[in-house]
Amino acid sequence: MEQQVMWQQLIKLVKHEVLPALGCTEPISLALAAAIASKYLNKNKINRIEAYVSPNLMKNGMGVTVPGTGMVGLPIAAAIGAIGGDAQAGLEVLKNITPKQINQAKALLSEYKVNVKIADNDKAIYSEANVYTSSDHVRVCIENSHTNVILIEKNGESIFKADSKIQDESNNESIINHMSVKQIYDFATQANFEDIEFILHSAELNDALSQEGLRREYGLSIAATLHQQTKTGLLADDLLSKVIIRTTAASDARMGGATLPAMSNSGSGNQGITATMPVVVVADYLEATPEQLARALILSHTIAIYIHSKFPPLSALCAATTAAMGSAAGMAWLLGKGQYEPVDMAICNMIGDLSGIICDGASNSCAMKVSTSVSSGFKAVLMAVNRIRVTGNEGIVCDSVETTINNLGAIVSNSMKATDTQIIDIMSHKA
């Protein structure tokens, strides 16, 4: 494929995968389905909502705060989506909700008129909202990605049905499946700045979320706690601490229900934060130019997409770890003076270190996993700039970075299926 054509396809892919998202994308997906359903009910009073979600979406929606509501879980997401959601806003479906609408949504819950169950299918991402009034019933189904509507029915009659063949062909022909880390590096370092400048918006959004996370108490207040300890002397106020604190602050705010959007990556706000903020912090430290920041960010986000493409969209692996491999690549490019080798080495070092953190659902503790992941990433980069790499004789790491990434993908796609089933079983049977 001619290089310029390939790069333009990559840019299109990144723009598709790196999007603003308000709130955790799993409950937001259900909120979007409910909002779309409500659009076809002519503003009639909603009597009840019946929703069905995939096991992984249930796992990631059980313990996370829905922005603006102060409540946790999928039922409030479905209710506020149906009552106040913007059906045209995608992952920002809840950006215009009002206190009155929130009270109406909470009233539906208090009257036991919202029910969310696990769907009987094998899709990683699936949201189905059935919204009822006294006279009508609208059913909306989202599948495979958080905003991909495949079906809209009203009173049993189809309004919209996606062509599954076209979707399958589109999924199978993604440009990322034909790339290598070196090709992504070439793209990030050589593409016209004007073509990749858009990625700077990820720095603006996620840095604003980070500042919000340090300004107020959200979730477990991990970043605020670490920041406080830099003042007591228990934690050094160095570049590593800044990387951890500023990244974790954004995750604290997002998981704690802040009403600011994150720039997501691969359908996840935490992945977008993790792919963005370490690069921003290092770029600030180095007083990098906007072009240098843009190249480091496009490298980070594209590597994160590339690695995440090797396994299911939702799995037993905490994807903040793979997003941190992206930001490790970006940091390695900045600190390694633009050379390729530190990028390659940093990714392999991370896989040698951090390849087994489980995903046990979206919650405030996700910010802890984010802090662990970016800490590992920074350590991997420091090793890489000193030309120290986990060797191909150790564990799942091989001499080739692509083979190493594929090995991680094989474990997640195959062996960790049983882990995922066990996690979901444990979570769904909590007292």
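The values are calculated or read from the model by the stated rules, or taken from the named source; none is laboratory data. Small disclaimer: the values here were computed from a predicted structure and weren't measured. Don't worry about glycine lacking a Cβ; one is built from the backbone with ideal geometry, like all the others, and counts go over all protein chains shown. For accessibility, only protein heavy atoms count, side chains too; no ligands or nucleic acids. Shrake-Rupley method; radii C 1.70, N 1.55, O 1.52, S 1.80 Å.
Structure values in brief
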| read-out | value |
| --- | --- |
| Members of segment 253-298 found to be of a type outside the set (Gly, Ala, Ser), closer than 23 Å to Ile125 by Cα and out of contact with any Cys (no Cβ under 6 Å at 6 or more places or on another chain), listed by number | Arg254, Pro261, Met263, Asn265, Gln271, Ile273, Thr274 |
| Of residues in segment 334-379 being of a type in the set (Ser, Thr, Tyr) and under 17 Å from the mean Cα position of the chain (by Cα), the one surrounded by the fewest Cβ atoms within 10 Å (Cβ to Cβ) | Ser365 |
| Flag if Lys43 is within 30 Å of Ile199 (Cα to Cα), over 13 Å from the mean Cα position of the chain (by Cα) and either open to solvent by 70 Å² or more (accessible area, probe 1.4 Å) or acidic (Asp, Glu) (or both) | no |
| Filter result for the condition that a residue is of a type in the set (Ser, Thr, Tyr) and touching a Gly at 6+ places or on another chain (Cβ under 6 Å), over Thr133, Thr65, Thr98 | Thr65 |
| Residue check, Val390 part of a loop (DSSP other than H, G, I, E, B), among the aliphatic types (A, V, I, L, M) and at pLDDT 95 or above | yes |
| One residue from Ser127, Ser110 being open to solvent by 20 Å² or more (accessible area, probe 1.4 Å) and in the same structural domain as Ala79 (by the TED database) | Ser110 |
| Top-ranked residue of segment 217-258 - restricted to ones that are over 19 Å from the mean Cα position of the chain (by Cα) and of a type in the set (S, T, N, Q), ranked as surrounded by the fewest Cβ atoms within 10 Å (Cβ to Cβ) | Thr232 |
| Any hit, segment 17-39, residues being small (Gly, Ala, Ser), crowded, with 18+ Cβ neighbours inside 10 Å and not in a helix (DSSP H, G or I) | yes |
| Every residue from segment 171-216 that is surrounded by 21 or more Cβ atoms within 10 Å (Cβ to Cβ) and at pLDDT below 95 | Met179 |
| Of all residues in segment 337-382 being hydrophobic (A, V, I, L, M, F, W, C) and assigned to a loop (DSSP other than H, G, I, E, B), the one that is nearest to Lys242 (Cα to Cα) | Leu354 |
| Any hit, segment 275-295, residues being out of contact with any Asp or Glu (no Cβ under 6 Å at 6 or more places or on another chain), assigned to a helix (DSSP H, G or I), buried (at least 24 other Cβ atoms within 10 Å of the Cβ) and of a type in the set (Gly, Ala, Ser) | yes |
| Residue pairs meeting the criteria (Cβ under 6 Å; at least 6 apart or on separate chains; first open to solvent by 20 Å² or more (accessible area, probe 1.4 Å), in segment 380-392; second acidic (Asp, Glu) and at pLDDT 95 or above) | Gly392/Asp399 |
| Every residue from segment 398-431 that is assigned to a loop (DSSP other than H, G, I, E, B) and either among the charged types (D, E, K, R) or under 30 Å from Asp238 (Cα atoms) (or both) | Asp399, Lys430 |
| The listed residue being open to solvent by 50 Å² or more (accessible area, probe 1.4 Å) and among the acidic types (Asp, Glu), out of Asp420, Asp399 | Asp399 |
| Residues located in segment 51-71, provided they are open to solvent by 40 Å² or more (accessible area, probe 1.4 Å), assigned to a strand (DSSP E or B) and in contact with a helix residue (DSSP H, G or I) (Cβ under 9 Å, 6 or more places away or on another chain) | Met71 |
| Ile118 being of a type in the set (Val, Ile, Thr), at pLDDT below 95, open to solvent by less than 80 Å² (accessible area, probe 1.4 Å) and in the same structural domain as Ile36 (by the TED database) | yes |
| Test: Gly81 is surrounded by 17 or more Cβ atoms within 10 Å (Cβ to Cβ) and touching a Leu at 6+ places or on another chain (Cβ under 9 Å) | yes |
| Residue under evaluation Thr322, criteria (1) under 17 Å from the mean Cα position of the chain (by Cα); (2) among the β-branched types (Val, Ile, Thr); (3) within 26 Å of His227 (Cβ to Cβ), criterion not met | (3) |
| Checking Lys100 against (1) open to solvent by less than 30 Å² (accessible area, probe 1.4 Å); (2) at pLDDT 95 or above; (3) not β-branched (Val, Ile, Thr), the condition it does not meet | (1) |
